[in-house]
Each structure stands twice: as C-alpha cells, then as structure tokens.
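Colleague: Dropping the structure in here first, questions after.
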C-alpha cells in the first residue's frame, strides 16, 4: 500500500469565512442602496419637488425667445412669435398657459394653493405655494429685444 504524500487543494476555513464576509457585505450594500432608492422615490411621489423641477424647465423653455408684455391680475402676459400668451393660476389649483384671448389652456402644474407673480422692468418673480406646504420661487429676466 502506498502512502499519499501529496496535498489536496481545498479551501481553508479562513478562506471560506472571508468569502462569506465578502458575499454578505455585498448583499448588505445592495439592500441599503435599494432602501435608499425606494425612500427617495417615495419622497418624490409624496412631495411636489419633481413637479417643480419639470415645471421650471418647461417654463424657462416657454419664456426663452418670448417678449415680456405685462403682469396684471396675477397673470403674466407674453408674446412669443406672433402669439400672445397668458400664464398664471386661473381660479383653480393649477398653473396654466392659455392664449391671449383666454381660449384654450394647457395645465403646467397641479396642486397649488396659491401663487403670486411680480414684475420689475423685464424681470419676473413667480412664487408658488403647494397644498402640501412646498414653496418655490422662479426668477426670469427677459432679454432686451430690438
């Protein structure tokens, strides 16, 4: 009978423990990131921050290239191309864009309790208050046009 003198390759107890620690650490990091992602998405759905971000981007795009006309009765009157537009909160909880004659409207933002529009020369400030308590202010300066 021959005696085996060669060593068999196998994991040691220490290597197995290190592998388990790495795997469990990876799973804990993944679980933590998942919880953070869900809490942020829950926050955004329960709060109006995401609506504000979208609204401010849309309004900035709408006002670029437009000419300031006036602010009257808490509404912003502008001219874009050959169209006259009115922006403001119309007896409701939404901020709308409509034609200069008041016909047709496009809601831009919902859930408002009240809003306030101020103008100083060609600079405007729109302050929005949501029913949820969020308050944001939008500033815009119209470019001088010939």
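The values are calculated or read from the model by the stated rules, or taken from the named source; none is laboratory data. Here the structure is a predicted model, which is why all the values come from computation and not from measurement. We place every Cβ from the backbone using ideal geometry, glycine too, and count neighbours over all the protein chains shown.
Colleague: Can you list the strands (runs of 3 or more DSSP E) found entirely within segment 66-112 that contain at least 2 residues being farther than 24 Å from residue 143 by Cα and within 27 Å of the chain's Cα centre (by Cα)?
Modeller: 105-109
Colleague: If you don't mind, there's one more thing I want to ask. Can you work out which of the residues in segment 83-109 that are exposed (fewer than 14 other Cβ atoms within 10 Å of the Cβ) and either farther than 20 Å from residue 65 by Cβ or in contact with a helix residue (DSSP H, G or I) (Cβ under 8 Å, 6 or more places away or on another chain) (or both) is modelled with the lowest pLDDT?
Modeller: Selected residue: 102.
Colleague: Just to check your reading of the model, which residue among 118, 145 is at pLDDT below 90 and closer than 21 Å to residue 69 by Cβ?
Modeller: 145
Colleague: Specify which of the listed residues (54, 134, 112) is in contact with a helix residue (DSSP H, G or I) (Cβ under 8 Å, 6 or more places away or on another chain) and under 27 Å from residue 41 (Cβ atoms).
Modeller: 134
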